[in-house]
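In what follows, a structure is listed as structure tokens, so that the remarks can point back to it.
None of the figures in this text is laboratory data; all of them are computed from the coordinates on show. What you are looking at is a predicted structure, and each value in this text was computed from that prediction instead of being measured. Cβ: placed from backbone, ideal geometry, glycine included. Neighbour counts: every protein chain shown.
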Amino acid sequence: MVDVIVNENFEDDADELFADLENGGFDSSELFKLRMDAEEVSSDSEISELISYGEISKNLAYDLPYQREGALRLLRDLNATALLADEVGLGKTITAGMVIKEGVVRGFLKSVVILCPPSLVDQWVVEMREKFELEFGIIESVEDWGKFDFAIASIDRVKGFDRKNHEFRHKAAHGVSWDLVIVDEAHKLKERNTVRWRFVDRLQKKRFLLLTATPFQNDLLELYNLLHILKRGHLGTLREFRRKFLFRGNKRHPLNPLELKKKLEEVMVRRRRDETGIEYKLRIPKIVTVEMSEREKMIYDNTVRLLRSNYFRKNGNVISGALIVFAILPKVTSSSRSAVESLTKIVESELYSDRTRDFAQGILDDYAELKVDSKIEKLVSLVKEIRSRSSDEKILIYTRHPTTLRYIVEKLAPQNLKIIEFMGGLDREEKSRRIESFKKGEADILISTDTGAEGLNFQFCRNLINYDLPWNPMAVEQRIGRLDRIGQKRDMYIYSFATKGTMEEHVVDLIINKMCCVGLVIGELPIILFNLGLDGEGKSGRNKIEEKLMASFIEGKGNLDFFARGVDEIAAEISLGMEEYGEEKRENTCFFDG
């Protein structure tokens with residue numbers, strides 16, 4: 001395969017190469033297309049303003065000049081083939097969106113593909129639609145390649161390599177010619193000998209944009225690999241790079257640092273927060289401890305006992321512990337209403353053994369006699385407390401389950417609060433209407449499921465309540481990210497419910513106090529988890545941290561002390577990763593900005 005160097009200038013050779021064009025001696029359609037592409041590249045470099053900005057400015061919450069300036073430089077000076085390495089939290093997605101929109105309006109971007117982590121696919125789709133009025137299709141299967149001119153794909157899902165046939169499962173991606181390829185969280189391309197790197201490298205692309213706040217972390221060779229995939233030969237061969245820039249094998253401190261920095265600046269746009277005036281506010285964690293009554297404790301213990309030792313299929317086979325933890329446990333711990341719904345399904349289903357159904361019915365009978373729901377009462381009390389600060393205190397409440405959402409609405413209704421429900425299934429217009437209503441003060445509380453509020457911005461709200469908490473830290477980070485965005489002017493209160501004497505209190509402490517609210521800026525946790533190899537999906541298709549927690553529960557058969565030790569081990573691993581990331585960040589700042 002021939003390596004094509006993107007963004008090179010062939011103008012000097014063009015006149016001789018195409019000398020016969022005007023004399024009618026030109027008969028190659030491929031050469032004609034090449035000349036047209038060369039002229040297109042040349043014309044792109046003459047961009048002096050964003051003619052599309054007036055069209056999109058009405059959709060942007062804030063006019064941030066550095067984002068416009070970044071997009072203009074990427075287009076005017078670098079032909080949208082560059083490394084966008086703004087510090088974490090400055091809105092690289094918006095800058096990239098401005099590049100796409102400008103190219104579409106000017107007519108030279110007719111096909112674009114964005115590769116990003118699975119957790120960001122929906123967010124990219126929403127951002128492109130809501131802010132830039134561009135519809136991107138999601139690549140779900142191999143057949144989808146070539147179906148969309150504007151596509152977004154989870155890089156983790158499309159990079160798979162079939163070792164038996166020695167080919168990429170999504171090899172169809174390499175048969176499409178793209179006007180622009182964008183890779184988000186491009187630091188994941190730091191290893192050259194990976195299927196991820198090779199998959200991206202084989203994509204046919206006229207322009208290539210890499211987004212990452214950390215171009216290198218532990219090793220300058222990571223930086224070489226990133227620049228090598230971006231623009232072949234820019235840093236020479238690997239041997240030349242080692243000889244010229246690696247100081248006695250030191251992987252972090254380059255020989256000839258000024259020369260290396262100059263080479264980087266030729267293909268990189270990077271801005272610091274202190275240059276932009278952007279200031280992030282504090283996340284203040286508040287763990288809301290729920291004390292169970294004696295009857296509630298009995299119900300909880302019996303529910304764990306049901307799942308641990310009384311959960312059988314009709315034929316007598318024990319039901320998988322993984323299935324219990326992934327499918328059942330989150331529902332029964334979400335709320336009493338959700339638990340009753342799940343137990344009722346067990347009782348009414350003939351798929352379960354009589355023993356299991358009878359045990360579940362016994363728990364339902366106990367629920368029927370329950371007079372007090374400690375968790376929902378705690379929520380009502382907390383909402384009153386928050387609202388007592390001032391009449392304009394808005395509250396965003398998250399739950400994982402629609403059943404729990406409806407239960408919360410029912411219990412808060414007597415408080416004379418204006419409440420908006422937000423969940424999956426709402427069309428674009430209805431979503432916009434409800435968000436605007438919440439923003440304008442026509443509602444006091446917005447209650448949402450995780451699927452309902454992807455990609456939404458609530459900078460005008462500073463109170464977040466996690467009524468139930470996902471065991472996936474990235475899902476929690478996305479929840480907090482709805483508030484913790486550019487434009488947030490106040491410190492944020494992150495309330496998370498944890499029922500004492502259950503697994504919940506250990507998980508909440510780990511994810512909130514040790515991961516999501518420890519002074520990190522939005523976007524830094526994913527980098528730390530990636531460095532630790534914990535950011536992706538595990539064997540079950542779930543986040544690796546979540547899998548570790550689930551495995552600890554299954555191995556300990558519900559024993560709380562055993563589970564707590566497993567949580568502590570994860571916490572220690574995360575703590576070490578944060579220390580290493582802090583050191584790497586200092587090294588990056590010293591090299592790039594010093």
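Under a straight-distance cross-link criterion of Cα-Cα below 23 Å, which lysines are reachable from residue 206, leaving out those fewer than 8 residues away in the same chain?
Excluding near neighbours in sequence, the set is 33, 92, 101, 110, 147, 159, 171, 188, 190, 231, 263.
Measure nothing fancy, just the Cα-based angle from helix 29-44's long axis to the longest principal axis of the chain, in degrees from 0 to 90, nearest 10.
The helix 29-44 is inclined about 80 degrees to the chain.
If R0 is 45 Å, what FRET efficiency do you get for residue 417 and residue 195 from their C-beta distance, rounded to 0.05?
Working: r = 51 Å, r/R0 = 1.14.
Working from the Cβ atoms, E equals 0.30.
Determine the gain in length on full extension of the stretch residue 255-residue 388; use 0.36 nm per residue of separation and subtract their C-alpha separation, reporting nm with one decimal. Please list the in-between numbers first.
Working: separation 133, 0.36 × 133 = 47.88 nm, distance 6.01 nm.
So the chain would gain 41.9 nm between residue 255 and residue 388.
I'd like the orientation of helix 65-76 relative to the chain: the angle between its Cα long axis and the longest Cα principal axis, in ° from 0 to 90, rounded to 10.
Tilt of helix 65-76: around 40 degrees.
Tell me the label-point distance for the pair residue 138, residue 366, using the 7 Å Cα-to-Cβ offset, in nm and rounded to one decimal.
A separation of 3.9 nm, rounded to one decimal place.
Taking the Cα centroid of the range 551-568 and of the range 136-177, what is the distance between the two, rounded to the nearest whole Å?
If you average the Cα positions of each part, the centres end up 39 Å apart.
How big is the antiparallel share of DSSP beta bridges in the chain, given as a percent to the nearest 5?
Values: 6 of 52 bridges.
In the chain, approximately 10 percent of DSSP beta bridges are antiparallel ones.
Just to be sure I understand the curve: with the Debye formula and one point per C-alpha of the chain, what is log10 I(q)/I(0) at q = 0.11 Å⁻¹?
Computed log10 I(q)/I(0) values: -1.12.
Which value, in debye to the nearest 20, describes the size of the charge dipole of the chain about its Cα centre when Lys and Arg Cβ atoms bear +1, Asp and Glu Cβ atoms bear -1, and nothing else is charged?
Magnitude of the dipole: close to 1560 debye.
Which of rounded, prolate or oblate describes the range 362-467 when judged by the alpha-carbon gyration tensor and an a/c cut-off of 1.5? Numbers along the way, then the final one.
Numbers: a/c = 2.38, a/b = 1.42, b/c = 1.68.
Because a/c hits 1.5 or more and a/b fails to exceed b/c, the range 362-467 counts as oblate.
Applying 1/(1 + (r/R0)^6) with R0 = 51 Å to the Cβ-Cβ distance of residue 580 and residue 344, what FRET efficiency is obtained, to the nearest 0.05?
It comes out at approximately 0.60.
Separation between the residue 147 and residue 521 pseudo-spin-labels, each 7 Å from Cα along Cα→Cβ, expressed in nm?
So the two model labels end up 3.8 nm from each other.
What fraction of the DSSP beta bridges in the range 47-276 is antiparallel, stated in percent and rounded to the nearest 5? Could the numbers behind the result be given before it?
Values: 3 of 24 bridges.
Once the DSSP bridges in the range 47-276 are tallied, antiparallel ones form about 10 percent.
Are there trypsin sites (Lys or Arg not before Pro) in the range 118-214 that DSSP puts in a loop and that have at most 10 other Cβ atoms within 10 Å, and which ones?
Numbers: sites: 129, 131, 147, 157, 159, 163, 164, 169, 171, 188, 190, 192, 196, 198, 202, 205, 206, 207; in loops: 147, 159, 163, 164, 169, 190, 192, 202, 206, 207.
Those that pass, being in a loop and sparsely packed, are 163, 164.
Hey, what angle do you get for helix 294-309 against the long axis of the chain, alpha-carbon based, 0 to 90 degrees rounded to 10?
Computed tilt is about 60 degrees.
Tell me, in nm to one decimal, what length is gained between residue 262 and residue 247 on full extension, where the rule is 0.36 nm per residue of separation less the Cα-Cα distance? Please list the in-between numbers first.
Working: separation 15, 0.36 × 15 = 5.40 nm, distance 1.74 nm.
Roughly 3.7 nm would be gained on extension.
For a distance above 21 Å, tell me the whole-number percent of Cα pairs in the range 47-276 that qualify.
Values: 14848 of 26335 pairs.
When every Cα pair of the range 47-276 is considered, 56 percent fall beyond 21 Å.
List residues of the range 376-410, by number, whose backbone nitrogen lies under 17 Å from a label position 7 Å along Cα→C-beta of residue 291.
Output list for this probe position: 376-382.
Search the structure for amide H atoms under 5 Å from the amide H of residue 286, placed 1.01 Å from N in the peptide plane, and list their residues when 5 or more places away or on another chain.
Excluding prolines and chain starts, which carry no amide H, the hits are 494, 495, 496.
About the Cα centre of the range 47-276, what is the dipole size in debye to 20, counting +1 per Lys and Arg Cβ and -1 per Asp and Glu Cβ, all else neutral? Provide the component values of the computation, followed by the final result.
Working: 42 positive and 33 negative charges, 268 e Å.
Using Cβ point charges on Lys, Arg, Asp and Glu, the range 47-276 gives about 1280 debye.
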